[in-house]
């Protein structure tokens with residue numbers, strides 16, 4: 001009788017360190033940097049995200065957000081990271097591996113955001129480059145998906161530079177900035193070349 005090897009639901013990633021940045025789980029001490037970066041980037045991020053209300057930027061909401069991140073991590077459903085530059089001292093953005101599915105799917109969805117002052121510097125490309133081995137080598141998933149609004153050329157360029165393949169257009173896929181928006185769906189498989 002062959003025993004099946006199951007991947008544990010909970011995998012604490014610790015810090016994922018690259019040459020110019022650090023990915024780590026969000027902490028309560030990140031609140032001041034987070035709220036400052038989000039406020040300074042509000043207009044920049046608004047076209048690409050769900051609508052935020054003013055309460056979302058309060059410390060109590062941030063605490064609730066961290067509790068949700070921890071619950072998702074422990075259940076194996078999602079892992080959220082903050083991206084730090086300048087030797088781990090400055091918060092630049094974040095990325096999330098959501099909808100982690102096991103069984104026959106072995107997949108997850110990549111979401112990301114970058115603060116306005118850090119955009120266009122190649123930081124997110126480096127962050128995605130660090131998260132890919134975590135997805136395929138540590139979580140042992142087969143497929144990493146990402147979706148970009150059809151008009152978001154910088155996001156589409158990022159995915160293509162990171163080796164993702166275009167799979168098609170998904171109609172009214174996510175409610176972004178108050179309306180259902182068409183997205184382009186991209187994927188990266190464990191056997192695909194890694195740039």
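The values are calculated or read from the model by the stated rules, or taken from the named source; none is laboratory data. What you see is a predicted model, and the numbers here were worked out from it, not measured in a lab. Cβ atoms come from the backbone with ideal geometry, glycine included; neighbour counts cover every protein chain shown.
Could you please let me know if residue 69 is buried (at least 16 other Cβ atoms within 10 Å of the Cβ), farther than 20 Å from residue 186 by Cα and touching a strand residue (DSSP E or B) at 6+ places or on another chain (Cβ under 8 Å)? Don't jump to the end; show me each part of the working.
Values: buried (at least 16 other Cβ atoms within 10 Å of the Cβ): yes; farther than 20 Å from residue 186 by Cα: yes; touching a strand residue (DSSP E or B) at 6+ places or on another chain (Cβ under 8 Å): yes.
Yes, satisfied.
When the stretch 73-88 is examined, which residues are found to be assigned to a loop (DSSP other than H, G, I, E, B), out of contact with any helix residue (DSSP H, G or I) (no Cβ under 9 Å at 6 or more places or on another chain) and crowded, with 16+ Cβ neighbours inside 10 Å? Steps first, please.
At the first step, the residues of the stretch 73-88 found to be assigned to a loop (DSSP other than H, G, I, E, B) are 76-78, 86-88.
Adding the requirement that they be out of contact with any helix residue (DSSP H, G or I) (no Cβ under 9 Å at 6 or more places or on another chain) leaves 76, 86-88.
Within the stretch 73-88, just 76 meets the criteria.
Considering only residues of the stretch 1-23 that are closer than 22 Å to residue 88 by Cα and either loosely packed, with under 10 Cβ neighbours inside 10 Å or out of contact with any strand residue (DSSP E or B) (no Cβ under 7 Å at 6 or more places or on another chain) (or both), which is modelled with the lowest pLDDT?
Of all residues in the stretch 1-23, those closer than 22 Å to residue 88 by Cα come to 11-23.
Okay, now just the ones that are also either loosely packed, with under 10 Cβ neighbours inside 10 Å or out of contact with any strand residue (DSSP E or B) (no Cβ under 7 Å at 6 or more places or on another chain) (or both), so 11-12, 14, 17-19.
Values: 11: 64, 12: 75, 14: 85, 17: 94, 18: 93, 19: 91.
So, considering only residues that are closer than 22 Å to residue 88 by Cα and either loosely packed, with under 10 Cβ neighbours inside 10 Å or out of contact with any strand residue (DSSP E or B) (no Cβ under 7 Å at 6 or more places or on another chain) (or both), the one modelled with the lowest pLDDT is 11.
Any residue in the stretch 134-151 that is farther than 14 Å from residue 188 by Cβ, touching a strand residue (DSSP E or B) at 6+ places or on another chain (Cβ under 6 Å) and modelled with pLDDT under 95? Write out each step before concluding.
Initial filter on the stretch 134-151 (farther than 14 Å from residue 188 by Cβ): 138, 140, 149-151.
Narrowing further to those that are touching a strand residue (DSSP E or B) at 6+ places or on another chain (Cβ under 6 Å): 149-150.
Still in the list and also modelled with pLDDT under 95: 150.
Yes, the conditions are met somewhere in the stretch 134-151.
Among (1) surrounded by fewer than 16 Cβ atoms within 10 Å (Cβ to Cβ); (2) more than 15 Å from the chain's Cα centre (by Cα); (3) under 24 Å from residue 148 (Cβ atoms), which single condition is residue 98 missing?
Just one mismatch for residue 98, condition (2).
Which one of these does residue 80 not meet: (1) touching a residue at least 60 places away in the same chain (Cβ under 8 Å); (2) in contact with a strand residue (DSSP E or B) (Cβ under 7 Å, 6 or more places away or on another chain)?
It is condition (1) that residue 80 fails.
Looking at residue 47, is it at pLDDT below 95, within 30 Å of residue 106 (Cα to Cα), surrounded by fewer than 16 Cβ atoms within 10 Å (Cβ to Cβ) and out of contact with any helix residue (DSSP H, G or I) (no Cβ under 7 Å at 6 or more places or on another chain)? Full working, then the answer.
Working: at pLDDT below 95: yes; within 30 Å of residue 106 (Cα to Cα): no; surrounded by fewer than 16 Cβ atoms within 10 Å (Cβ to Cβ): yes; out of contact with any helix residue (DSSP H, G or I) (no Cβ under 7 Å at 6 or more places or on another chain): yes.
No.
With respect to residue 47, is the statement that it is part of a helix (DSSP H, G or I) and in contact with a strand residue (DSSP E or B) (Cβ under 9 Å, 6 or more places away or on another chain) true?
On the way: part of a helix (DSSP H, G or I): yes; in contact with a strand residue (DSSP E or B) (Cβ under 9 Å, 6 or more places away or on another chain): yes.
Considered against the rule, which asks whether it is part of a helix (DSSP H, G or I) and in contact with a strand residue (DSSP E or B) (Cβ under 9 Å, 6 or more places away or on another chain), residue 47 comes out as yes.
Find the strands (runs of 3 or more DSSP E) located wholly in the stretch 89-186 whose residues include 3 or more that are touching a residue at least 24 places away in the same chain (Cβ under 8 Å) and touching a helix residue (DSSP H, G or I) at 6+ places or on another chain (Cβ under 9 Å), and list them.
Details: elements: 90-101, 107-114, 143-149, 165-176.
The qualifying strands (runs of 3 or more DSSP E) are 90-101, 107-114, 143-149.
In the stretch 27-42, how many residues are part of a helix (DSSP H, G or I), in contact (Cβ under 8 Å) with a residue 60 or more places away in the chain and farther than 27 Å from residue 12 by Cβ? Spell out how you get there, then give the answer.
Initial filter on the stretch 27-42 (part of a helix (DSSP H, G or I)): 28-40, 42.
If we keep only those that are in contact (Cβ under 8 Å) with a residue 60 or more places away in the chain too, we end up with 30, 37-38, 40.
Restricting the remaining residues to those that are farther than 27 Å from residue 12 by Cβ gives 40.
The qualifying residues number 1.
Residue 58: surrounded by fewer than 16 Cβ atoms within 10 Å (Cβ to Cβ) and at pLDDT 95 or above, yes or no? Before you say what the answer is, go through the steps one by one.
Numbers: surrounded by fewer than 16 Cβ atoms within 10 Å (Cβ to Cβ): yes; at pLDDT 95 or above: no.
Taking the combined requirement at face value, the residue does not satisfy it.
Look through 16, 83 and report the one residue that is over 28 Å from residue 183 (Cα atoms) and within 16 Å of the chain's Cα centre (by Cα). Spell out how you get there, then give the answer.
Working: 83 fails: over 28 Å from residue 183 (Cα atoms).
On inspection, the qualifying residue turns out to be 16.
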